[in-house]
Amino acid sequence: MKRAIIIVLDSVGVGALPDAHEYGDEESNTLVNTAKKVGGISLPNLGKMGLGNIVPVEGVKPAVEPTGAYGKMAQKSAGKDTTTGHWELAGLILDKPFPTYPNGFPQELITEFEEHIGKKTLANKPASGTAIIEELGQEHMNTGNPIVYTSADSVFQIAAHEDIIPIQDLYKMCEIARALLQGKHAVGRVIARPFTGRPGAFTRTARRKDYSLKPLQKTVLDCVKEAGREVVGIGKISDIFDGEGLTKNITAKTNSENTKELLAVMEEEFTGIVFTNLVDFDMLYGHRNDPEGYAKALEEFDSTLPTILNALKEEDLLIITADHGTDPTTDGTDHSREYVPVLLYKQSGEFKNRDLGVRTSFSDVAKTVADYLKVQCQLNGSSML
């Protein structure tokens, strides 16, 4: 029962890429800067696997003999968003980034969207998700008009109070937007951003939903599924791949929910892939410039890691990595163009103390998974095995 278990620590980057200056991210180093900002971080279990051997992290000593293989990966695709990062992890490299809208969306596009939903919209500008609902939440509640905004990433986000626009109506608006946002306006994701509360105390709810484009070519998920194996997506994985390549989707909204569902799946007997994304680092702390919260969330994951390792079956390959950076110590609130860590682990210890070096593409994860599961697949990247 060979399985590849992929855990994406959302936004846990480990240093600016050589071209980071083109994205305004030359000072970004999510993990290192976060640890430094809080006066050191305690990650003994990730440290044992080799995390401190990848980059110098305050509070995480390099292991003398790491229990896993360790390295870092450069992103080959253009861009620094969630979809691009995950698609590359699955073997799909983009030669041009998804479109972004630093001045808001073209008026003709907004007008067409308004005609389809039968309402006017508010905002149409780049903004922090929490700031925009504080700014326009009251007007939204008074008018019933949804808040449309974007960021430095390729996203079309629609925020609405659940008491003003019912959640299913918000989802329908997102489906309409996704259908419109094709061709030159094919943004990576349309995102439903429901919230509740009152002015001065608005809270975004867990019923967020992402509407991604379908992958532009076959990924390792498709190949493993076509080979008759299981491909289980937990949390936002199904949204990122628009359901493509999955045999099972399990809903989970937080790090703790994702971990709970992961452990439950690991108890089952099957061959294939388990793929999950731990969202809290990025969503709750990176985008909100909260290094203390970011560090605490990392320490909480580290404390659960022994349970995950103990749940591994003999033929399980564990891969821990990330999809981009979101440095909470910088002035910006958006994703950052960074290297990501990669750790490989098996209970047998066969990957013990292996330096994987600097990989030239996130797609090395896809090739490694295909190689490990012995699935034939035309993919970018090189196997780390």
Using the number of other C-beta atoms within 10 angstrom as an exposure proxy, rank VAL369, VAL32 with the fewest first.
VAL32, VAL369
Excluding same-chain residues fewer than 8 positions from LYS352, which lysines have a Cα within less than 29 Å of its Cα?
LYS2, LYS36, LYS48, LYS61, LYS72, LYS76, LYS260, LYS296, LYS313, LYS367, LYS374
So how tilted is helix 107-117 from the main axis of the chain? Cα-based, degrees 0 to 90, rounded to 10.
80 degrees
In nm, what is the difference between 0.36 nm times the number of residues separating ALA131 and GLU268 and their Cα-Cα distance?
45.1 nm
Just the number, please: Stokes-Einstein D of the chain in µm²/s, Kirkwood Rh from C-alpha pairs, 4 °C, 1.567 mPa s.
61 µm²/s
Quote the relative contact order of the chain in percent (integer), defining contacts as alpha-carbon pairs under 8 Å separated by 6+ residues.
30 percent
Just want the ordering: MET173, MET141, MET266, MET73, from fewest to most Cβ atoms lying within 10 Å of their own Cβ.
MET141, MET266, MET173, MET73
Expected unfolding gain across GLU314-ASP331 under the 0.36 nm per residue rule, minus the alpha-carbon gap, is 1.6 nm
Lone cysteines in the chain, defined as no other cysteine's Cβ under 4.7 Å from theirs: which are they?
CYS174
Can you sort ILE133, ILE273 so the residue with the fewest Cβ neighbours within 10 Å comes first?
ILE133, ILE273
In a solvent-free Debye calculation with one equal scatterer on each Cα, what is log10 I(q)/I(0) for the stretch 107-212 at q = 0.23 Å⁻¹, listed in the order of the q values?
-1.35
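The numbers here are math on the coordinates, done by the rules we state, and not lab data. Treat the numbers as computed from the prediction; the structure is a model and nothing was measured. Cβ: placed from backbone, ideal geometry, glycine included. Neighbour counts: every protein chain shown.
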